[in-house]
1. Could you state the angle between the C-alpha long axis of helix 94-117 and the longest principal axis of the C-alpha atoms of the chain, as a value from 0 to 90 degrees rounded to the nearest 10?
2. FRET efficiency for ASN61 and LEU129, Cβ-Cβ distance as r, R0 = 30 Å, nearest 0.05?
3. Can you compute the modelled spin-label distance between LEU117 and LEU150, with each label point 7 Å from Cα toward Cβ, in nm?
4. Measure nothing fancy, just the Cα-based angle from helix 11-31's long axis to the longest principal axis of the chain, in degrees from 0 to 90, nearest 10.
5. Just how large is the dipole of the chain about the Cα centre, in debye to the nearest 20, putting +1 at every Lys and Arg Cβ and -1 at every Asp and Glu Cβ?
6. Measure off 7 Å from each Cα along the Cα-to-Cβ vector at THR51 and LEU143, then give the distance between these two points in nanometres to one decimal.
7. Report the one residue of LEU17, ILE43, ILE79 whose Cα lies farthest in the direction of the positive end of the charge dipole of the chain (charges on C-beta: Lys and Arg +1, Asp and Glu -1; origin at the Cα centre).
8. May I have the count of lysine pairs in the chain with C-alpha atoms under 15 Å apart, counting pairs 8 or more residues apart or located on different chains?
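Values in this text are rule-based calculations from the coordinates and carry no lab data. These numbers were taken from a predicted model, which means no experiment stands behind them. Heads up, the Cβs are rebuilt from the backbone with ideal geometry, glycines too, and the neighbour counts pull from every protein chain shown.
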Amino acid sequence: MNQSIKELFYLPNLISLCRLILSFIIPILWVNQTSSDIIYALIVFGALSDTLDGNLARLLNQRSNLGKILDPLADKSFINMLFFLFYYEKVIPLSFLMVILVRDLLILIGALYLIFLTKGKAIPSPSILGKATTVAQLITLMLLFMHYFLYSLPELFLSLVINITILLTLTSGLHYILSFRRMLSHA
């Protein structure tokens, strides 16, 4: 059996795949005005699955090249889809959405370029700052959903969380650009 096919059935990769599929299911449920409790439960599952897949990969010794690609792809699809839905609902401004999208697009292009140039020998791994940004973005998404669809949170608190998320997003984007540049010079 092809190694990539075998790796697809690793439990951590299946969890990442579920998160990727949720990126397509949640918008359908959202547009069809499915119960906000169900959507929120799926968002919480998606957020928790991000931590679960990485920890299981280490615990079960199922780290894989497929997982190094599938996990961040699922993260970016899941997070960007939710931020887009919040923009669509006029909950967040376009500028906030653009910070998230541009950072992720630059990371995706940089990683693909690096993989292409090194013929797959250099697959960038997420940095601690990148992981912190993902956590901040997921927390922001859960809090936004909670605030606008379940129960109100203090505006000052939400503003603080959003500003921290923007700062982390911009900082990690710059960090990835510098890291990719360093990796290219060593390749």
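1. Tilt relative to the chain: about 10 degrees.
2. Working: r = 26 Å, r/R0 = 0.87.
It comes to 0.70.
3. Placing both labels 7 Å along Cα→Cβ, they lie 4.4 nm apart.
4. In the chain, helix 11-31 runs at an angle near 30 degrees to the longest axis.
5. On the way: 13 positive and 9 negative charges, 162 e Å.
Charge dipole of the chain: 780 debye, to the nearest 20.
6. Roughly 1.6 nm, to one decimal.
7. So the residue we want is LEU17.
8. Eligible lysine pairs with Cα atoms under 15 Å apart amount to 5.
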